[in-house]
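The values are calculated or read from the model by the stated rules, or taken from the named source; none is laboratory data. For clarity, every value in this text was computed on a predicted model and none was experimentally measured. Heads up, the Cβs are rebuilt from the backbone with ideal geometry, glycines too, and the neighbour counts pull from every protein chain shown. Just so you know, the surface numbers come from the protein's heavy atoms only, side chains and all, with ligands and any DNA or RNA stripped out. Shrake-Rupley method; radii C 1.70, N 1.55, O 1.52, S 1.80 Å.
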Amino acid sequence: VTSPCKILKCNSEFWAATSGSHHAGAEEAPEFCTALRAYAHCTRRTARTCRGDLAYHSAVHGIDDLMVQHNCSKDGPTSQPRLRTLPPGDSQERSDSPEICHYEKSFHKHSAAPNYTHCGLFGDPHLRTFTDTFQTCKVQGAWPLIDNNYLNVQVTNTPVLPGSSATATSKLTIIFKSFQECVDQKVYQAEMDELPAAFVDGSKNGGDKHGANSLKITEKVSGQHIEIQAKYIGTTIVVRQVGRYLTFAVRMPEEVVNAVEDRDSQGLYLCLRGCPLNQQIDFQTVRSAQATEGRTRRKGPSLPAPPEAFTYETATAKCREKLPVEDLYFQSCVFDLLTTGDVNFMLAAYYAFEDVKMLHSNKDKLHLYERTRDLTPGSTAPTGTHPTLWVALLCLCWLCLL
């Protein structure tokens, strides 16, 4: 599935045609206005297929602002001007930034170091919140992951198989809001089979402000892995395409996480509050049914037949290849292989944990395990239960007998 909205194409065409012209003298104004009219014409052509697209609406508003700033008429030629190259010393080359554009130097100059938190979304999808809560969710359609005073992140999840409740992230939009003398508003958008190494306007940093390089995109693996550093808010974002779908991971200071004007709206985004109860999947119950179904080879499975059939045993063996510790990342891998039959979901779980190792500030909390509260008398510890917790439970029972 590919989005019919062509706003990324419009943005890249405009950037390619005008790079550097807004730095030039008045003689370039007609050429720049011509490019703006072509940009506006392109957005109108794709308007019907871009309803609800944040990047599209951001571009439309941006065009209107630029028209006013450059005194451009909406009527006139729309032929594309010649391609231009960035002049020496353009803002993309700057390496200096004011102190306010470095989070640790400015926000915490005379106080303790900030406490960083992590959120990640991957697979079917599985969510690790800023409070280290782990959930498996349905959340089909568009959902906000983060929404605070500095940035907004929205994901769109689509069904993996027809008739299945299994969904995965097919689109991601990140809006970095304009901040003091550091960065202009920037929008990043990725879709299936399209992981750009630039913002939607074609730039790779925060724009024309003095601290533009406090926001930068770096391509780690072409078409598969990008990293966004937002130093002015102490934030690192990792976006990957694994197979056909996207994964998201972020490291962010608590102070930034909780920076919202309307605290009542904080509960609306997933990284902070998790998925709504009616969107959560009972991970343990479904996994238990999958294991039973895999062992008994019942006919008429409850889940739609995946492209490649995994049994519980083969899925477990496959996931152990990349995830030797049987934590919730391992269990998510098994769940996804049984649900989708797509081996790329094993890689999604693996890379999600690799991102946790890089981004999580507390190395003692990298692995997450199932709680023991669901154990019934006489039952054994489920696969993946943290050994320390299980031993503690046995000791408690022994003390009760005494």
Being farther than 27 Å from Leu161 by Cα and at pLDDT below 90 narrows Thr372, Thr296, Thr339 down to just Thr372
So Thr136, is it touching a helix residue (DSSP H, G or I) at 6+ places or on another chain (Cβ under 9 Å), open to solvent by less than 50 Å² (accessible area, probe 1.4 Å) and of a type in the set (Ser, Thr, Tyr): yes
Q) Any residue at all in region 100-108 that is open to solvent by less than 30 Å² (accessible area, probe 1.4 Å), in contact with a Lys or Arg (Cβ under 7 Å, 6 or more places away or on another chain), farther than 22 Å from Val260 by Cα and modelled with pLDDT of 75 or more? A) no
crowded, with 21+ Cβ neighbours inside 10 Å, more than 16 Å from Asp124 (Cα to Cα) and free of Cβ contacts under 8 Å to residues at least 24 places away in the same chain - does that describe any residue in region 224-240?
no
With respect to Pro382, is the statement that it is open to solvent by 60 Å² or more (accessible area, probe 1.4 Å), at pLDDT below 95 and over 29 Å from Glu254 (Cα atoms) true? no
- Please work out if Ala212 is modelled with pLDDT under 95, open to solvent by less than 10 Å² (accessible area, probe 1.4 Å) and at negative phi. yes
Quick count over region 122-153, residues being closer than 25 Å to Leu366 by Cα, of a type outside the set (A, V, I, L, M, F, W, C) and assigned to a strand (DSSP E or B), is 6
Discussion item. Considering only region 170-192, I want to know if a residue exists there that is surrounded by fewer than 23 Cβ atoms within 10 Å (Cβ to Cβ), more than 24 Å from Lys105 (Cα to Cα) and more than 14 Å from the chain's Cα centre (by Cα).
Written reply: no
Within region 339-370, the residues that are without any contact (Cβ under 8 Å) to a residue 40 or more places away in the chain, under 13 Å from Asp327 (Cβ atoms) and open to solvent by less than 40 Å² (accessible area, probe 1.4 Å) are Phe353, Leu366
Every listed condition ((1) surrounded by fewer than 18 Cβ atoms within 10 Å (Cβ to Cβ); (2) within 14 Å of the chain's Cα centre (by Cα); (3) small (Gly, Ala, Ser)) holds for Ala113 save (2)
